[in-house]
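S.K.: My questions all concern the structure below.
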Amino acid sequence: MTIFRARVLDTPTSPFAGGTLRSDDDCGLLVGDGVITARGPFDAVRAEHLDEPVLDLREGLLLPGLVDTHVHFPQVRVIGGLGLPLLDWLDRYALPEEMRLADVDHARGVARDFVAGLVDAGTTTALVFGAHQAPAVDVMFEAADHWGLRVTTGLVTSDRLLPEPLLTTAERAHAESLALAGRWHGKGRLRYAVTPRFSLSASEAMLEACAATLAEVPGSLFTSHLNENVHEIREVAALFGGASYVDTYDRFGLVTARSVLAHDVHPTDAELRTLAERGAAVAHCPTSNAALGSGLFPLRRHVEAGVRVALGSDVGAGTGFSLFKEGLQAYFVQQLLGPEGMLLTSAHLLWLSTAAGADALGLGDEVGDLSVGKQFDAVWVLPESGDPLAVGLDNASSPDDALSKVFALGTSSDVGGVWVGGEQIAAGRWRSPRLR
Ligand SMILES: [Zn+2]
């Protein structure tokens, strides 16, 4: 067992439901077998456990491990392709790169780059949009397992309107998905996600096959894209006889409490009602939405409809792995919406980056905050002395103010350490996968 001594900030209760930032200036967290078994003032925890080693992290801040609910593994190398709307960006940047993952050695390099991006950003849990090629998805699972990250991912499936090398059939997608799930679902911290790319590129037969896989893999998740771009939405409606985008999934039973749908920038009120009734979650990806000019996310309408919302980086349309940047951009978007926006405090941003994501992924009992009984998944924010963030933290007027500075100024370079299930996997520029 180890006692972690730190200034700890987390959000065990949603600020959207009256919760506030929990801040403990000199907190002791006793961790054994990866689980937090005691929490309190350091002196009190220490007095009860005099023989346990102490790891002193009082410089900087300790936050729960960050949770990214939408991030594309094959797109790490195309981050920064600016200047195009969604469908043109896919054709120019994303899809050519995704075709290259047919080469499994190439896929292995991409997976290495991708996992390094997550770890460096302090992301310990992620719902990862996989690849269209089953061997590349195996490689992604291997990389996540090697590092011990909590990753849910799966085969991306499409049977129309994409370049031919990315297409499959409903039968083949079903068989390959079941085989992948058989190899990886429930192994360590890994789970399977049924992942049609979007209903634009998935026929009714493909969506039926997705429903079959979801039913045949207990505990699997469903993820896809939703209402991202107005042109895309029109195309989807034309393909499905005028149906709403949510209905294209819902009619196949794919909108449930195990569903995470990315974007939803342009929902109708009826769609929001359906999402809320089914208990589905939305992954809000604010830098992606801005980079592709998709629109300003209507957070207030989601919250008022009772739809769960968390954050996603949407790498590679998103501009990086850091959920601090996504949180800041989410704040910007709400400011720009004027009276229709929601004023987000730093506690809201931390909630959206941690506990909301854990809840969206069905992991709310395990991770998302640093309470007793939770896994010790944590990120140590440790800016270099003299850096504007270090100056800001030294001069913060309150814990909420300190946390605002983390979202305003924090980058992956400020991540001083990362733990998953009590195991340290990164410290500054040093990174270490688990030896197994
Ligand atoms: Zn996406």
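S.K.: In deg cm²/dmol and to the nearest 500, what is the mean residue ellipticity at 222 nm of the chain if only DSSP H runs of at least 4 residues count, each as -39500 (n - 2.57), divided by the residue total? Intermediate results must be reported in sequence, preceding the final value.
M.R.: Working: 17 runs with 162 residues, N = 436.
Per the formula, -10500 deg cm²/dmol.
S.K.: Ok, one more. Can you compute the modelled spin-label distance between GLU216 and THR37, with each label point 7 Å from Cα toward Cβ, in nm?
M.R.: Result for the modelled spin labels: 4.3 nm.
S.K.: I would also like to ask the following. Sequence-distant or interchain residues sharing an amide H contact under 5 Å with THR13, placed H: which?
M.R.: Those lying under 5 Å, H to H, from THR13 are THR20.
S.K.: Quote the relative contact order of the chain in percent (integer), defining contacts as alpha-carbon pairs under 8 Å separated by 6+ residues.
M.R.: Numbers: 1022 pairs, mean separation 87.0, N = 436.
Reported relative contact order: 20 percent.
S.K.: Under a cut-off of 24 Å between alpha-carbon atoms, report the lysines in cross-link reach of LYS405, not counting same-chain residues fewer than 8 places apart.
M.R.: LYS325
S.K.: In terms of the Cα gyration tensor, with a ≥ b ≥ c the square roots of its eigenvalues, is segment 217-319 rounded because a/c is under 1.5, prolate because a/b exceeds b/c, or oblate?
M.R.: Details: a/c = 1.37, a/b = 1.15, b/c = 1.19.
Here segment 217-319 falls in the rounded category.
S.K.: Further question on the same structure: Name the residues whose placed amide hydrogens come within less than 5 Å of the amide hydrogen of HIS49, ignoring near sequence neighbours (fewer than 5 apart) on the same chain.
M.R.: none
S.K.: With just the Cα atoms defining each centre, how far is segment 91-136 from segment 357-436? Give it in Å.
M.R.: 24
S.K.: Once the dipole of the chain is set up with Lys and Arg at +1 and Asp and Glu at -1 on Cβ about the Cα centre, which of ALA144, ALA134, LEU370 lies farthest towards its positive end?
M.R.: Positive-most Cα among the choices belongs to ALA134.
S.K.: Which residues' amide hydrogens lie under 5 Å from the amide hydrogen of LEU296, considering only partners 5 or more residues apart or on another chain, with H built in the peptide plane?
M.R.: The list, which skips near neighbours in sequence, is empty: none.
S.K.: For the chain, modelled as a GNM with alpha-carbon contacts under 10 angstrom, which of GLY338, GLY320, GLY32 fluctuates the most?
M.R.: GLY338
S.K.: A further question on this structure: List the residues of segment 188-205 whose backbone N lies under 20 Å from a point placed 7 Å from the Cα of GLU164 along the Cα-to-Cβ direction.
M.R.: 201-203
S.K.: Describe numerically, in nm with one decimal, the distance between label points set 7 Å from Cα along Cα→Cβ at ALA243 and at ALA179.
M.R.: 2.9
S.K.: Now for a different question. Under 24 Å Cα to Cα from LYS374, which lysines show up? Leave out anything in the same chain fewer than 8 places away.
M.R.: Output for LYS374: LYS187.
S.K.: Any chance you could run the full-extension gain for ARG251 through ALA205? It's 0.36 nm times the residue separation minus the Cα-Cα distance, nm to one decimal. Don't skip to the end; give the middle numbers.
M.R.: On the way: separation 46, 0.36 × 46 = 16.56 nm, distance 1.22 nm.
My answer for the length gained is 15.3 nm.
S.K.: Rounded if a/c is under 1.5, else prolate if a/b is larger than b/c, else oblate: which is the chain, with a ≥ b ≥ c the root eigenvalues of its Cα gyration tensor? The partial results should precede the final answer.
M.R.: Values: a/c = 1.78, a/b = 1.47, b/c = 1.21.
It comes out prolate by the Cα gyration axes.
S.K.: Taking the chain as the reference, fit the longest principal axis to its C-alpha atoms, fit the long axis of helix 230-239 to the helix C-alpha atoms, and give the angle between the two in degrees, 0 to 90, nearest 10.
M.R.: Result, in degrees: 40.
S.K.: Any chance you could run the full-extension gain for ASP269 through GLU48? It's 0.36 nm times the residue separation minus the Cα-Cα distance, nm to one decimal. Don't skip to the end; give the middle numbers.
M.R.: On the way: separation 221, 0.36 × 221 = 79.56 nm, distance 5.36 nm.
This chain segment gains 74.2 nm when fully extended.
S.K.: Between segment 230-277 and segment 1-77, how far is it from one alpha carbon centroid to the other, in angstrom?
M.R.: Spelled out, the Cα-based centre of one part sits 37 Å from the other.
S.K.: Also: Taking 0.36 nm per residue of separation and subtracting the Cα-Cα distance, what length does fully extending ASP25 through HIS106 add? Write out the running numbers ahead of the final one.
M.R.: Values: separation 81, 0.36 × 81 = 29.16 nm, distance 4.58 nm.
Result: 24.6 nm gained on full extension.
S.K.: Mind checking the dipole of the chain: about its Cα centre, +1 per Lys or Arg Cβ, -1 per Asp or Glu Cβ, Debye to the nearest 20? Mind dumping the intermediate values first?
M.R.: Details: 34 positive and 55 negative charges, 67 e Å.
Taking the Cα centre of the chain as origin, the dipole is about 320 debye.
FYI, it's all coordinate maths here, none of it is from the lab. Just so we're clear, the structure is a prediction, and the values are computed from it rather than from any experiment. Here the Cβ is made from the backbone with ideal geometry for all residues, glycine too, and neighbour counts use every protein chain on show.
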